[in-house]
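Engineer: Input: one structure, supplied below.
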Amino acid sequence: QIGCPLTGHTSYVTGVAFHPTKNLVASCSYDKSVKLWNADTGAELWTVRVDSMVMCLSYAPSGDMLAVGDYDGNIHFFNAKGEKTLSPVNVDAGIGGVQSVSFSPSGDMVAAGCYNGKIHFMDAAAGQIKSSVSCDSRVESIDWHDNRIVAGCYDGTIKVFDAQSGDRLSTVNVGNAVTSVEFANDNTLLSADSSGKTKVWNIATGEEKTEAL
């Protein structure tokens, strides 16, 4: 048998994240909980609860912090033991809340992609919003690479921003609601969309490089 089931949530699981350095998996759910699991044994190590459905989560590169976004637009921060390190930070997210969170490669900033089309950048240590950009459509997924943030949007576009200046660097038209995006390297993006396809893009030209899956 390869792997093991992680059983314990009582509603839809909305996000999972592997620990960067340990064989641990964090998960979140509409059941208003975040759980940490041993990926080898499937054992549940801890559970924390919040007051709203949990939509997404992301580990800091060091693995010592977990950022969690909820339906009411709050960002929660937990340490490795599942203890809250800051009071929840409420962001302007619109009905539907925070759809995706991502730490910067250095771990000092957190980006929150929101239902109302905004991406907020906040100081991870202080929990303070530093700047925001607009994607003009619901943000389904974000990923951070160097000083760039990519957003997959409901309107069928992928938008890349300079995370420091907020300048929009490029836009790729996918044609269907983009459900997930991830940087593969400096010039290549992966996307998944509502048509069920996964695609590979050259972000410098906005051209599709190949189609996978």
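Engineer: With each label point set 7 Å from Cα along the Cα-Cβ vector, what nm distance links Thr10 and Leu86?
Structural biologist: Between Thr10 and Leu86, the label points sit 3.1 nm apart.
Engineer: How far apart, in nm, are two points set 7 Å out from the Cα along the Cα-to-Cβ line at Lys130 and at Lys209?
Structural biologist: 2.9 nm
Engineer: To continue, here is another question. Got a number for the accessible area of Asp123? Probe 1.4 Å, square angstrom, nearest 10.
Structural biologist: Approximately 40 Å² of Asp123 is accessible to the 1.4 Å probe.
Engineer: Still on this structure, please answer the following. Could you sort Tyr12, Tyr59, Tyr154, Tyr71 by accessible area so the largest value comes first, with the probe set to 1.4 Å?
Structural biologist: The ranking, largest first, comes out as Tyr12, Tyr154, Tyr71, Tyr59.
Engineer: Check cross-link reach from Lys32 to the aspartates and glutamates: straight Cα distance under 13 Å, and skip same-chain residues fewer than eight apart.
Structural biologist: Cα-Cα hits under 13 Å: Asp51, Asp70, Asp72.
Engineer: How would Leu190, Leu86 line up by accessible area, probe 1.4 Å, largest first?
Structural biologist: Leu190, Leu86
Engineer: For region 50-105, what is the largest minus smallest coordinate of the Cα atoms on each principal axis, given in angstrom and ordered from greatest to least?
Structural biologist: Sorted largest first, the three principal extents are 32, 23, 15 Å.
Engineer: In square angstrom, what is the accessible area per residue of the chain with a 1.4 angstrom probe?
Structural biologist: Accessible surface, normalised per residue, equals 47 Å².
Engineer: If you average 1/r over all unlike Cα pairs in the chain and invert the result, what Kirkwood radius do you get in angstrom?
Structural biologist: Evaluated on the chain, it is 17.3 Å.
Engineer: Using only Cα atoms, locate the centre of region 80-137 and the centre of region 1-47, then give the distance between them in Å, rounded to an integer.
Structural biologist: Centre-to-centre (Cα) distance: 22 Å.
Engineer: Taking 22 Å as R0, compute the FRET efficiency from the Cβ-Cβ separation of Asp146 and Asp108 and round it to 0.05.
Structural biologist: 0.95
Engineer: Let me cross-check Thr21: its accessible surface, 1.4 Å probe, with only protein heavy atoms counted, in Å² to the nearest 10?
Structural biologist: Its heavy atoms expose roughly 100 Å² to the probe.
Engineer: Tell me, what % of the accessible area of region 77-143 is carbon and sulfur with a 1.4 angstrom probe?
Structural biologist: Here carbon and sulfur together make up 47 percent of the probe-accessible area.
Engineer: Run the quick spin-label model on Asp186 and Asn173: label points 7 Å from Cα toward the beta carbon, then report their separation in nm to one decimal.
Structural biologist: For the pair Asp186/Asn173, the computed spacing is 2.9 nm.
Engineer: Next question, about the same structure. Cα gyration tensor of region 25-128, axes a ≥ b ≥ c as square roots of the eigenvalues: rounded (a/c below 1.5), prolate (a/b > b/c) or oblate?
Structural biologist: It is oblate, given that a/c is not under 1.5 and a/b is not larger than b/c.
Engineer: List the pairs from Lys159/Lys197; Lys35/Lys84; Lys130/Lys199; Lys22/Lys199; Lys84/Lys130; Lys22/Lys118 whose alpha-carbon separation is above 25 Å, in the order I gave them.
Structural biologist: Lys130/Lys199; Lys22/Lys199; Lys22/Lys118
The values are calculated or read from the model by the stated rules, or taken from the named source; none is laboratory data. From a predicted model like this one, the values you see are computed outputs, not experimental measurements. Don't worry about glycine lacking a Cβ; one is built from the backbone with ideal geometry, like all the others, and counts go over all protein chains shown. Side chains are part of the model used for accessible areas, which takes the heavy atoms of the whole protein and leaves out ligands, DNA and RNA. Shrake-Rupley method; radii C 1.70, N 1.55, O 1.52, S 1.80 Å.
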